[in-house]
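One structure is given here, and the rest of the page talks about it.
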Amino acid sequence: MDFYDIVMPSCEFDDKFAKRLGLKGIFKCGADIKLANADKQSSFPEGRFIAVGSNKNNLIAAARAGAAAVVVSDSRIDRKLMMELKEQKTALILPTTLITSSYNLERPKRLYMMGRLYSHAKRLGLDIGFATMAESKANMCSYMQVIQLARLVGADESQARHGVSAVNPSIVD
């Protein structure tokens with residue numbers, strides 16, 4: 001099984017680093033796929049893109065505009081957004097940096113919020129992916145770490161592996 005990751009435009013890495021992490025490929029937003037900030041814009045690019053943000057109305061608009069995937073940056077559940085993602089067949093990406101970059105009491109809160117978002121999305125039958133969405137090389141994780149973080153939010157082994165392998169290439173290709 002091949003494993004992939006998606007990172008933000010500011011993240012710099014080389015192919016050797018990707019191999020050391022055990023990843024077949026790392027897709028960079030802005031280079032390999034368009035990135036739209038749903039908190040700052042309400043019009044979205046043509047073609048496939050990933051929308052990132054916490055503004056639920058703009059994320060709904062992004063799904064309707066043909067977003068390949070949506071990243072809910074605050075991990076808050078919005079029933080209307082989840083139903084729109086299901087209707088538009090838009091994938092939901094859960095960013096693991098929300099967990100790994102938090103400290104003290106913020107980490108369990110984020111784990112809980114992401115776990116609820118994951119279970120709700122799973123119950124609705126959404127295509128769920130796990131990616132670091134790292135902004136720097138220091139925030140990137142190996143595929144095994146991402147799988148374990150996915151298991152922390154409630155995914156079983158096969159769902160976690162699917163989220164790190166099958167969803168990401170379908171978003172970018």
Subset of segment 54-108, residues polar (S, T, N, Q) and either over 21 Å from residue 167 (Cα atoms) or out of contact with any strand residue (DSSP E or B) (no Cβ under 8 Å at 6 or more places or on another chain) (or both), comes to 54, 55, 57, 58, 88, 97, 100, 101, 102, 104
Return a yes/no flag: does segment 115-129 have any residue that is part of a helix (DSSP H, G or I), surrounded by fewer than 22 Cβ atoms within 10 Å (Cβ to Cβ), modelled with pLDDT under 95 and out of contact with any helix residue (DSSP H, G or I) (no Cβ under 7 Å at 6 or more places or on another chain). no
Which of the numbered conditions does residue 50 fail, given that it passes all the others? Conditions: (1) assigned to a strand (DSSP E or B); (2) free of Cβ contacts under 8 Å to residues at least 40 places away in the same chain. (2)
Would you point out which residue out of 137, 80, 89 is charged (D, E, K, R) and at positive phi? 89
Looking at residue 158 and the list (1) exposed (fewer than 14 other Cβ atoms within 10 Å of the Cβ); (2) in contact (Cβ under 8 Å) with a residue 12 or more places away in the chain; (3) not charged (D, E, K, R), which single condition is not satisfied? (2)
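Every residue, every condition in (1) touching a residue at least 12 places away in the same chain (Cβ under 8 Å); (2) of a type in the set (S, T, N, Q), yes or no:
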| residue | (1), (2) |
| --- | --- |
| 75 | yes, yes |
| 78 | yes, no |
| 124 | yes, no |
| 138 | no, no |
Note on segment 2-31: residues without any contact (Cβ under 8 Å) to a residue 40 or more places away in the chain and touching a Gly at 6+ places or on another chain (Cβ under 7 Å) are 9, 18
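The values are calculated or read from the model by the stated rules, or taken from the named source; none is laboratory data. The structure presented is a predicted model; accordingly, all values stated were derived computationally and were not measured. Note that each Cβ is placed from the backbone with ideal geometry, even for glycine, and that neighbours are counted across all protein chains shown.
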